[in-house]
Amino acid sequence: MKSESSTLAFSAFMALLIGCAGIIATLASNSQAILLDGLFNLIYFSVALVTIKVSKLASRPDSESYPFGYSYFESLVNLCKGLLILGVSIFALVDAIAALLTGGRVIAAGLAVLYALFATFACSLTAWVMHRSQRHVSSPLVAADKLNWVVNSIISAAVLTAFCLVIVFERLGWQAILPYVDSVLVIAVVVLCLGVPVRMASQALKELLNKTPEEAIAVPVRQAVANALAATDTQEVRVRMVRPGRLLYVIVHVVLPETSHLSIANQDALRARVDEEVRRYYSPVVCDVVFTANTRWAAPSCGLLVEKSYGKHL
């Protein structure tokens, strides 16, 4: 798929399909592992509907109502995804532990195997489609969806393996073990995959809190700004950046010597050069380049204290 909206719509449809199949299979098999998978996908489907809307908003320019654009909505959606997956996982973990302490639960392994086969194939197919779409679509929403489906594929494959073991145990006559297989499986899956929603939510939260992007992005961008201003006489250059969703916002404060006589045209030419250099490393990007002869305007500030001395530079 070559568009973000069609890729996300396919992801939503598959989540709904697998979720409905999981709920039906749970009623017939009494498996909490399948219930966990079904609830996970139904919740993901509800979030996917919002994701499709946000993907359209993120491509719009800023407006009077949202003067810094709509990219923060992407981070907000990914935070919600991570927290929802984390919530469902914790609920399943608590329920599985309670089942273990009360003697476990017996499941219909034959039907469970059929569902697990279907879920493993469907999740793997969707993860592959997400991966292929990234050749044409650069989107943090699609990247988060791909990660979800990869994890979902692993979980479904683990569930399939465990249910096959149930059938083997039945034929070997190990009846005492059977009631505990489903609960142990849920606990193992949750513990092994718990880091995924935690990382997804923490990364989105950092973006919402305006934390500087990871070094892999920040270092090349700072170097690009330095390259663009290399031929300009400066006293200080401060580079600040945030990356909400897919958009990188860079603000550069350039402190010039008081003897500098850069014209507006020359300043605009330097702005264009900074923007061009940064785009070699990352896009989409918004670059604001501010020129001043007073270090006060470039220094870190909490916005509360206003120095009276700045008037002498006017």
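If the condition is being buried (at least 20 other Cβ atoms within 10 Å of the Cβ) and either at pLDDT 80 or above or part of a helix (DSSP H, G or I) (or both), then region 104-128 contributes Ala109, Ala112, Tyr115, Ala116, Ala119, Thr120, Ala122, Cys123, Thr126, Ala127.
Among the residues of region 100-113, is there at least one that is free of Cβ contacts under 8 Å to residues at least 60 places away in the same chain and either over 19 Å from Ser156 (Cα atoms) or among the charged types (D, E, K, R) (or both)?
Yes, region 100-113 contains at least one residue that is free of Cβ contacts under 8 Å to residues at least 60 places away in the same chain and either over 19 Å from Ser156 (Cα atoms) or among the charged types (D, E, K, R) (or both).
Taking region 242-283 as the range and being closer than 30 Å to Ala144 by Cα and of a type in the set (Gly, Ala, Ser) as the test, the residues that pass are Gly245, Ser283.
Matching residues to (1) in the same structural domain as Gln267 (by TED's automatic domain parsing); (2) among the β-branched types (Val, Ile, Thr):
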| site | (1), (2) |
| --- | --- |
| Trp149 | no, no |
| Ser156 | no, no |
| Ala162 | no, no |
| Leu165 | no, no |
| Leu178 | no, no |
| Pro220 | yes, no |
| Val225 | yes, yes |
| Gln235 | yes, no |
| Arg240 | yes, no |
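Per-residue answers, yes or no, for (1) of a type in the set (Val, Ile, Thr); (2) surrounded by fewer than 13 Cβ atoms within 10 Å (Cβ to Cβ); (3) touching an Asp or Glu at 6+ places or on another chain (Cβ under 8 Å):
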site	(1), (2), (3)
Ala224	no, no, yes
Arg243	no, no, yes
Val252	yes, no, yes
His261	no, yes, no
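Here is a yes/no grid of residues against (1) modelled with pLDDT of 85 or more; (2) touching a helix residue (DSSP H, G or I) at 6+ places or on another chain (Cβ under 7 Å); (3) surrounded by fewer than 19 Cβ atoms within 10 Å (Cβ to Cβ):
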residue	(1), (2), (3)
Leu86	no, yes, yes
His136	no, no, yes
Gly173	no, no, yes
Ala176	no, no, yes
Val191	no, no, yes
Ala201	yes, yes, no
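Filter region 55-71 down to the residues that are modelled with pLDDT of 80 or more and crowded, with 20+ Cβ neighbours inside 10 Å, then identify the one that is nearest to Ala176 (Cα to Cα). Per the criteria, the residue is Ser71.
The values are calculated or read from the model by the stated rules, or taken from the named source; none is laboratory data. Since this is a predicted model, take the numbers as computed values, not measurements. As a convention, Cβ positions derive from the backbone with ideal geometry for all residues, glycine included, and neighbour counts pool all protein chains shown.
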